[in-house]
């Protein structure tokens, strides 16, 4: 066997074993999260500082959710994720942190009382949906938008049962909403009912009330 063929065969074997690593990560995630009930996934920027009003809002939101019998799931990192895990943990509720291994920004926060570490983004995204009864999206960047539109796409295409998707912070989300309505909808890229698949709110207590309309704890 020449060297080139040896390298090709070695790469092929590595790809095959990757399937088992993926399966193992799925199994570990399901076993770890099997006791999580009535949880709300909260998303937002990892770059948000503790003195930012959005941090305080996420912390209060998580606290209110726990007081009403919900658990909280976040990406397990700093910023909005830390704030939500902190609010949930200090209120005595389930505070799930699903950390992803990244070279920058993502380090586990200390407030998750249920913690799991992921290598693969797509497995983590499956778990966010599988164990959530609602999504709350606070101001964030690419990752936050990814989670938002992943959920909306799954709901739109009926791949999952519809659940509340709430965007917190009307000032932050106004430009996006206007673009969806004035560009996407105008050009028939989405349907009018697609704009009803999410709500934009400013009050954490109102967000909890809206979730309670759909979910009985």
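Nothing in this text is a laboratory measurement; each read-out follows from the coordinates by a stated rule. It should be emphasised that the depicted structure is a prediction, and the values quoted were computed from it without experimental measurement. Every residue, glycine among them, receives a Cβ derived from its backbone with ideal geometry; neighbour counts consider all protein chains shown.
For the peptides 26-33, 145-152, 177-184, 72-79, what is the packing order when you average, over each peptide's residues, the other Cβ atoms within 10 Å and list the highest mean first?
Values: 26-33: 14.6, 145-152: 17.1, 177-184: 12.6, 72-79: 27.5.
Highest to lowest by the protection proxy: 72-79, 145-152, 26-33, 177-184.
Enter the Cα centre distance for the pair segment 124-200 and segment 54-74, rounded to the nearest angstrom. First find each Cα centre; the distance between them is then 20 Å.
Counting only alpha carbon atoms, the long axis of helix 142-156 and the longest principal axis of the chain meet at about 80°. Rounded to the nearest 10 degrees, the angle from helix 3-33 to the longest Cα principal axis of the chain is 40 degrees.
Shown here: Cα extents along the principal axes in Å, derived from the displayed model; of the candidates (i) 66, 49, 30; (ii) 51, 47, 35; (iii) 67, 47, 33, it corresponds to (iii). Angle of helix 121-130 to the longest C-alpha principal axis of the chain, folded into 0 to 90 degrees and rounded to 10: 40°. Modelled this way, with points 7 Å down the Cα-to-C-beta line, the labels at residue 18 and residue 212 are 4.7 nm from one another. For segment 37-83, the normalised intensity computed at q = 0.19, 0.28 Å⁻¹ comes to -0.52, -0.98 (log10 of I(q)/I(0), Debye sum over alpha carbons, equal scatterers, no solvent). Per DSSP helix of 4 or more residues, -39500 (n - 2.57); summed, then divided by the residues of the chain. What does that give at 222 nm, rounded to the nearest 500? Helix-only estimate at 222 nm: -15500 deg cm²/dmol. Here the spin labels are modelled as points 7 Å beyond Cα on the Cα-Cβ line, and at residue 107 and residue 162 they lie 4.3 nm apart. Pop the C-beta distance of residue 30 and residue 182 into the FRET formula with R0 = 41 Å and round what comes out to the nearest 0.05. Efficiency, from the Cβ-Cβ distance: 0.45.
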